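Heads up: the structure comes next, in structure tokens.
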Amino acid sequence: MNNIELDNPLLKFSGLPDFSLIKPEHVKPALEKVIKKCKQTIIDVCQKNSEDPTWDNIMAPIEEASDCLGKVWSVVSHLNSVNNTKELREAHDACLPLLSEYSSWAGQYKPMYEALLKIEASDAFGRLSIPQRKSITNEIKDFKLSGIGLDEADQEKYKKIVSRLSEIESKFSNNVLDATHAYILHVTNEDDVKGLPESSLNLAKEEAKHRKLDGYVFTLEMPSYLPFISYCENRDLREKIYKAYSTRASEIGENAGEFDNNAIMEEILDLRSQLATLLGFKSYAHYSLARKMADTPETVISFLKDLAKKSKKQGEKEVAKLRKFAKEFGIDDLKPWDMAFFSEKLQKKLYSIDQEALREYFPEDVVVKGLFEVAHRLYGITLKQRLGVDVWNDQVKCFDVYEDKFGSRIGSLYMDLYARPGKRGGAWMDECQTRRYRDDGFLQLPATYLVCNFTRPVGDSKTHLTHDEVTTLFHEFGHALNHLLTKIDIPGVSGINGVPWDAVELPSQFNENFAWQEEVLKFLSFSEKTKSSLPKDKLDALNKAKNYHSAMAMLRQIEFALFDFRIHYEYDKSKGARIFEILDDVKKEVSVVPNYENSRFPNCFTHIFSGGYAAGYYSYKWAEVLAADAFSVFEKNGIFDKQTANNFEDLILACGGAYDPLVNIEKFLGRKPSVDSLLKQSGIEQ
């Protein structure tokens, strides 16, 4: 064993990771070592126990080895997302072929598949726990979806497809990140920044100072871009930055062609189609649904079109009102770069609500404390910051989660809230490690990352959030609770693992609802100026404005979902991907907002081209229906009703992927789910 292996912090498998010690040169040696261990373990246990395979002699040792691999790659992929450097990216990308090769090998290793079939057919199978049985049946399904039934030539083809997809999906994501960071809007004239809030100007000044420029620098990162497009009175500059944002990673616009994702999208769709066909599916959409609740492509398309139909009339009215309002300011032709600007102005006029002005009431520390208080009241848990823990950035905090009933620690949460260079945009949650019993008998507790891209503190000032950002934080924390509150000890179905993709968003969208409740906002908000929480008049205005332009928002998400599903469902190699043709067709059917004809939105749609939502973006709306229905029970019984919260925790949050989520949500509701709660919650009249 060489020194790099002896001193490699990625090969520490007990406790939480030592992030600050991990260097790019550690990545490949660590991954090679754990992959080698996984392979050897699978071969050894399958050869040794082929005649009498059991959970203990097959699944348990393989899970132990796989856990080590999962921990290594979780840390590497996480750091690549939050601390992206040229060296780390190269180390990360160099490992993708290794992972792909191992995944294909493991998914087509017949002795293990045969061992699992024997376990499933044995009398002992019925005596296994429900999570154990579910884990085995999931593994068998995964074998089938990994080409176990293919002949040798087709298995090789499968491996090549999977390897290439892994490579170019990463390239897609890198291009989006690089294109986003490559653009700046440098402004020196004070008149050109009229209308922008102080927090936005302070951030832009700091960005300019960092780049050794005078005046202001605005970027395409959300904390910079969104306030600019929403508040800047200079219409020409709004148009300029909008077009830069909308044409990222494409053949036109700023940095045209340098980070172009067009050819990559075409290849991704072609390879996915080949993969599905190879495995006997009519399309990649059919293949995608094999791991989801929705049964057929027709079910998904019908679901989306029905929601669109029920939302479109109100969406058209919302846009008509906005056009009329814009005319009061001399704008007769409402453009895409006007939408956020006049939406903000009209909202302020109608409801006396200004998202930026509300920042005063949502200091980050108060919001986080309030977020934890909601979880405490609902699920009887307490989160305490762990000081001195090793993190990847000095603004990252780590919290331990304790169960109030017994005082025992049940997991850990990392919170990384601020935007910075080298960090992927957006907000997400991911697992650091999974709850499971290790082979030494020790219970490994779940740990999770919660990542956002809020405006970072400038100087000694404190970060304040908009209410939209507060809602985002509640959303991601809902995902985290799904992982942290699990009572399942089998890693394949523990926490967020094994949950059908169209149920994954249920806990997160459900949790958003609490950010709107009067009872919660009393302790979730606090102004240092007035020394009080959000006043009643602002609270009432906020709730009245909750469904402002809700139909437009609904249609926007349906547009994304329908576009995603159709490009995977309708792909035909002889016709090409038809990406923009299908997008235009979808827009004509469901969109109500002004269209920018040169938009290259798909070129940055990381969710479906590199983020796991391929032919699955509909999951957001699918799960939102379930979430709205679930919250309606809390509205009826009381938002902090203990029995209702206990039922929700037991049936949804704690059971991981071990149980059918549709069966469990029906148990919780006492009936089948309906779209009515979502439409009512969204204020969409029928």
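In table form, for the structure just shown:
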{"item": "Any hit, segment 372-386, residues being among the hydroxyl-bearing types (Ser, Thr, Tyr) and buried (at least 19 other Cβ atoms within 10 Å of the Cβ)", "result": "yes"}
{"item": "Residue within segment 608-624 that is surrounded by fewer than 20 Cβ atoms within 10 Å (Cβ to Cβ), modelled with pLDDT of 95 or more, under 23 Å from Asn482 (Cβ atoms) and not aromatic (Phe, Trp, Tyr) present", "result": "no"}
{"item": "All positions within segment 471-515 that are modelled with pLDDT under 95 and aromatic (Phe, Trp, Tyr)", "result": "Trp501"}
{"item": "Matching residues in segment 327-360 - criterion: being surrounded by fewer than 16 Cβ atoms within 10 Å (Cβ to Cβ), aliphatic (A, V, I, L, M) and under 18 Å from His549 (Cα atoms)", "result": "Leu350"}
{"item": "Where Glu685 falls short, out of the listed (1) under 22 Å from Ala294 (Cβ atoms); (2) touching a helix residue (DSSP H, G or I) at 6+ places or on another chain (Cβ under 7 Å)", "result": "(1)"}
{"item": "From Asp67, Asp52, Asp56, residue being over 31 Å from the mean Cα position of the chain (by Cα), assigned by TED's automatic domain parsing to the domain that holds Gln132 and closer than 21 Å to Asp489 by Cβ", "result": "Asp56"}
{"item": "Condition check for Tyr113: assigned to a helix (DSSP H, G or I) and touching a residue at least 60 places away in the same chain (Cβ under 8 Å)", "result": "no"}
{"item": "Cross-chain or 6+ apart pairs with Cβ under 7 Å, segment 358-383 first and more than 19 Å from Thr472 (Cβ to Cβ), then hydroxyl-bearing (Ser, Thr, Tyr)", "result": "His376/Thr382; Ile381/Tyr402; Thr382/Tyr402"}
{"item": "Subset of segment 269-307 [of a type in the set (Ser, Thr, Tyr) and either under 21 Å from Pro594 (Cα atoms) or buried (at least 18 other Cβ atoms within 10 Å of the Cβ) (or both)]", "result": "Ser273, Ser283, Tyr284, Tyr287, Ser288"}
{"item": "Tally of residues being in contact with a Phe, Trp or Tyr (Cβ under 7 Å, 6 or more places away or on another chain) and of a type in the set (Val, Ile, Thr) across segment 607-632", "result": "1"}
{"item": "Count of residues meeting criterion [surrounded by fewer than 19 Cβ atoms within 10 Å (Cβ to Cβ) and not in a loop (DSSP other than H, G, I, E, B)] in segment 650-661", "result": "1"}
{"item": "Criterion: among the charged types (D, E, K, R) and touching a residue at least 12 places away in the same chain (Cβ under 8 Å) - qualifying residue of Glu635, Glu624, Glu666", "result": "Glu624"}
{"item": "Tally of residues being modelled with pLDDT under 95, assigned to a helix (DSSP H, G or I) and closer than 30 Å to Ser129 by Cβ across segment 662-686", "result": "1"}
{"item": "Residue in segment 162-173 that is over 21 Å from Ala249 (Cβ atoms), at pLDDT 95 or above, crowded, with 16+ Cβ neighbours inside 10 Å and not basic (Lys, Arg) present", "result": "yes"}
{"item": "Residues that are closer than 16 Å to Ser81 by Cβ and either among the hydroxyl-bearing types (Ser, Thr, Tyr) or in contact (Cβ under 8 Å) with a residue 60 or more places away in the chain (or both), drawn from segment 599-612", "result": "Cys604, Thr606, Phe609, Ser610, Gly611, Gly612"}
{"item": "Residue that is surrounded by the fewest Cβ atoms within 10 Å (Cβ to Cβ) [pool: residues in segment 555-600 that are among the polar types (S, T, N, Q) and part of a loop (DSSP other than H, G, I, E, B)]", "result": "Ser574"}
{"item": "Some residue of segment 57-76 being without any contact (Cβ under 8 Å) to a residue 40 or more places away in the chain, charged (D, E, K, R) and either assigned to a loop (DSSP other than H, G, I, E, B) or touching a helix residue (DSSP H, G or I) at 6+ places or on another chain (Cβ under 9 Å) (or both)", "result": "no"}
{"item": "Residue within segment 389-403 that is surrounded by fewer than 21 Cβ atoms within 10 Å (Cβ to Cβ), in contact with a strand residue (DSSP E or B) (Cβ under 6 Å, 6 or more places away or on another chain), outside any loop (DSSP other than H, G, I, E, B) and aliphatic (A, V, I, L, M) present", "result": "no"}
{"item": "Positions within segment 438-477 being closer than 11 Å to Ala427 by Cα and of a type outside the set (Phe, Trp, Tyr), in sequence order", "result": "Leu450, Val451, Cys452, Asn453, Glu469, Thr472, Leu473, His475, Glu476"}
{"item": "Residue that is nearest to Asp178 (Cα to Cα) [pool: residues in segment 216-240 that are within 31 Å of the chain's Cα centre (by Cα) and either in the same structural domain as Thr466 (by TED's automatic domain parsing) or among the charged types (D, E, K, R) (or both)]", "result": "Glu221"}
{"item": "Residues within segment 404-433 that are outside any loop (DSSP other than H, G, I, E, B) and touching a residue at least 40 places away in the same chain (Cβ under 8 Å), tallied", "result": "14"}
{"item": "Candidates Lys310, Lys324, Lys369, filtered to the one that is surrounded by fewer than 15 Cβ atoms within 10 Å (Cβ to Cβ), under 28 Å from the mean Cα position of the chain (by Cα) and either within 30 Å of Asp540 (Cα to Cα) or of a type in the set (Phe, Trp, Tyr) (or both)", "result": "Lys369"}
{"item": "Residue match in segment 177-195 (condition: in contact (Cβ under 8 Å) with a residue 60 or more places away in the chain and among the polar types (S, T, N, Q))", "result": "yes"}
{"item": "Failed condition for Met112, given (1) crowded, with 19+ Cβ neighbours inside 10 Å; (2) under 21 Å from Glu32 (Cα atoms)", "result": "(2)"}
{"item": "Residue in segment 194-215 that is assigned to a loop (DSSP other than H, G, I, E, B), under 30 Å from Glu266 (Cβ atoms) and either β-branched (Val, Ile, Thr) or not assigned by TED's automatic domain parsing to the domain that holds Pro97 (or both) present", "result": "no"}
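The values are calculated or read from the model by the stated rules, or taken from the named source; none is laboratory data. Since we're looking at a predicted model, the values are computed, not measured. FYI the Cβ positions are ideal-geometry reconstructions off the backbone, even for glycines, and counts take in every protein chain you see.
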